[in-house]
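Remarks on the structure that follows.
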Amino acid sequence: MRPPILALKDVRLADGPLMLFDGVDLALDARVRACLVGRNGAGKSTLLRILAGRIEPDDGERTVTPGTRIAFVPQEPEIVGETLLDYATAGGAQPHEAEAALTTFDLDPGKSAQGLSGGEIRRAALARAFAEDPDVLLLDEPTNHLDILAIETLEGELASSRAAALIVSHDRAFLERVTRRSFWLEYRQVRRLDEGFAAFDAWAEKVEAQEAEEARRLDRALQREQHWLARGVTGRRARNEGRRRRLDAMRQAKADRLKDGRAELNMGIASSGVSGRRVVDAKNLSKAFGERVLLKGFSTRILRGDRVAVVGPNGAGKTTLVKILLGEIAPDAGEVKLGTNLEVAYIDQARAAVSGDATLREILTPLGGDQVLVRGEPRHVVSYAKDFLFKESQLRQPVRSLSGGERNRLLLARALATPANVMVLDEPTNDLDMDTLDLLEDLLADYEGTLILVSHDRDFIDRLATSTIGLDGTGRAVETPGGWQDFISQNPGFFGRIAPAAPAKAAPPAASPRTPPARAAKLSFKDQHRLGELERLVADLPAKIAALEAELGDPGLYARDRTAFDRISRTLDAARAQLSAAEEEWLALEERREALETGR
C-alpha cells in the first residue's frame, strides 16, 4: 500500500488556554477527494493551514512526499496583481494554463485584479489553484459567493483533476457529489470514514449514539456511587476508600466529557403578528438597467406561509427581484401590490446592515440598555448572545473583529429578535458551519411567517422551499413548485449546462417486521409500590445507622455489656447491608422506570 502524500501525526496545537488539537492524525492519499467536517470553532481552517504548511503545530509531525505540490485556497483569498492573469501566474502556473483556468471559471484574464466581487475573487482563487496543477488541493469553503453554475464548474474541475483534495464546506450537495472520504474533527481529534459525505450523517449519528450510550452508562454508575456516598461513607475500611477512589475517577471522566461538550445555538423567531393572506401580488414585471434586461413580463403571487427560493447566476437580478417584490425598487413596467400588516426582517448577503465600528452589544440593543425583546419577552443581552455562541467578553468588541461566520450569526441574532412576519434571507448560508445551518433550517421549517430565500445552496433550498423562481440573466424568470431539483427537472436547459442530479438508487425493500408486542408505558403497580418502599428505606436507614454507630462509639460499652456490644454490632452490619441493597434495587427500578417512560 502506498504511503499518504500528505499526513499529520499526533499533532497538538493550543490557542492560548484553549487546546484545539490533541493528538490529531490525518492522512491524505493520492487522488482521493475528502471532506473535513466539524462544528464552528473546532479548528477546521487552522488544520488546513497546518496541512498547507502555513502555520506550525506545537507538537507532532507533518510529512509530505518529496516533490508534492500543494495549492491552498483560504476562506478569504487576497487577490494581488494588476490583472487576474498576473495573480493566477504568481504561484508558478504557466501563462497558458492560467488563461485556460480563468476562462473555465468565466473570468477575463486581462481584467483588473482590483474591485472584484466576492464571487469573482473566489473564482480567481480557484482558477489559480487548478492552473498550478497541484498534487494536493486544500479548499476552505470554496463555494462561498459562487452561483450554482460556478459550483457546477468547480465540481467538474475536481472530477477531472488528478489532485487529491481536502475540502471544508457547508454545502452538502457539493460535498455529496465530489467527496469519497470523510474526516470528522471532533473533541480535538480526527475520525476517518472511508466513504464520501453522502454517508457521513448516518455514520456520525451512529458514533454519537454509541457515545451517548457510554455516557448514559457512566452517568448511571456515577449516580449510583454518588447516591451511595450521600447516604454516608462512615466505615473506615479499605473497601470504602476503594469506592471513593472509583467515584473520583468517574467524576474526572465526567468532567472531561463535559469540558468537551458541544455548545448549541438556541434560536427562535420573534413574531409581530399575522400578516394578511396575500403578501405580494406581482403582475407583468419588467426591469432593465441600460441594455441589461433582468425581468420581462414576470408575474407571481406570494401568500402567507409561502417559502419562496430565488435562484440564478450571479448578476442575474435575484436581489433586485426581491427588492421589487418588497416595494423597495420600482419596476419599469408592471405592478406590485403588497399585503397588509407586513413586518419584514432582512439579512443581506453583503452584511451591510451592521457598522464595523459598532460593538456587538450596540447591534443587539440599538436603543441602549441591557435587554433584548425576543418573541415579546425581555431577555438579558448576555444571555441572548450566548444562545448564538457569543461570549460575554465579545459584546464589547467591534463588529469588524468578527469572522465571517460570527458576523452572520450576529445578523441572525438581530433579525430573529426583530418582530417579523416576512423573513428575507439573501445568501444566509455563507460562512455558516453545518451545525448552525442545520439549526437554521429547523428553525425556518417551523417559521409560521413568509420566507423569501436567495441562495446557491441547493440542499438548503430543497429542504425549505415551497416554490422556486429561476432567473437566467437574460430577462427570463420562471417559477416552479418545489425546490431546486424540482425546478431543474421541470425546466431542463433553463440555465444551460446544469442537469438534474442522478436519482439515488432505491434501497431494496425491507422485510415487513412483525408487530412487536406492546410495551408497558410505566412501572407495574407492584414495582411502583416497591419503589415507594425503597425510597422510605433509603431515607430512614441512615438515621438508624447513625444511632447505632453512636451507641458503639461509647468507649465503655464493651467492658460494661459485651452482649449488647455484639448485638448492636450485628444490627449495624445488617442495617448497612440493607441500605446498600436498597440503594442498588432503587436505582435499578429507577432505570427501568426511565426506560419505559422514554421508550428506550
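A short reminder: the numbers here are calculations on the coordinates, not readings from a lab. It should be emphasised that the depicted structure is a prediction, and the values quoted were computed from it without experimental measurement. Note that each Cβ is placed from the backbone with ideal geometry, even for glycine, and that neighbours are counted across all protein chains shown.
Stokes-Einstein diffusion coefficient for region 6-203 at 37 °C in a medium of 0.692 mPa s, Rh from the Kirkwood formula over Cα pairs: what value in µm²/s?
191 µm²/s
In whole Å, what three semi-axes, largest first, describe the equivalent ellipsoid of region 278-490 built from its Cα gyration tensor (square root of 5 times each eigenvalue)?
Working: eigenvalues 203, 61, 58 Å².
The answer is 32, 17, 17 Å, longest axis first.
Using a 7 Å offset from the Cα along the Cα-to-Cβ direction at both Gln371 and Arg567, what is the distance between the two label points in nm, to one decimal?
Label-label distance for Gln371 and Arg567, simple model: 6.9 nm.
On average, how much area does the Cα convex hull of region 520-600 cover when viewed from any direction, in nm²? Walk me through the numbers on the way to the answer.
Working: hull surface 23.5 nm².
Computing the convex hull of the Cα atoms and averaging its projections yields 5.9 nm².
For the ranges 319-325, 190-196, 15-21, what's the packing order if you count other beta-carbon atoms within 10 Å of each residue, average per peptide, and put the highest first?
Taking the mean over residues of other Cβ atoms within 10 Å, the ranking is 319-325, 190-196, 15-21.
Mean shadow of region 1-94, computed from the convex hull of its alpha carbons, in nm²?
8.0 nm²
Please compute the length gained on full extension between Arg278 and Glu208, using 0.36 nm multiplied by the number of residues separating them and subtracting their Cα-Cα distance.
20.8 nm
Please report Met434, Met423 as a ranked list, fewest other C-beta atoms within 10 angstrom at the top and most at the bottom. Spell out each step's value before the answer.
Numbers: Met434 20, Met423 24.
Ordered by Cβ neighbours within 10 Å, fewest first: Met434, Met423.
Order the peptides 336-345, 63-72 from the highest to the lowest mean number of other Cβ atoms within 10 Å of their residues.
In decreasing order of mean packing, 336-345, 63-72 become 336-345, 63-72.
I'd like the FRET efficiency for Asp106 and Glu591, computed as 1/(1 + (r/R0)^6) with the beta carbon distance as r and R0 of 41 Å, rounded to 0.05.
0.10
What order do you get for 132-142, 108-118 when each peptide is scored by the mean count of other beta carbon atoms within 10 Å, highest first?
Put in order of decreasing packing, that is 132-142, 108-118.
Explain nothing, just the number: dipole magnitude of region 520-600 about its Cα centre with +1 on each Lys and Arg Cβ and -1 on each Asp and Glu Cβ, in debye rounded to the nearest 20. Write out the running numbers ahead of the final one.
On the way: 13 positive and 17 negative charges, 44 e Å.
Dipole size: approximately 220 debye.
Just grab the label-to-label distance for Ala199 and Asp332, each label 7 Å out from Cα along the Cβ direction, in nm (one decimal).
5.3 nm
Dipole of region 6-203 (Lys/Arg Cβ +1, Asp/Glu Cβ -1, origin at the Cα centre): which of Pro109, Ile79, Val178 lies farthest to the positive side?
Val178
Simple spin-label model, 7 Å along Cα-to-Cβ: Ala550 to Arg62 in nm?
Placing both labels 7 Å beyond Cα along the Cβ direction yields 6.9 nm.
What percentages make up the Cα-Cα pair-distance distribution of region 18-62 when the bins are 10 Å wide from 0?
Histogramming region 18-62 at 10 Å steps yields 23, 58, 18, 1 percent.
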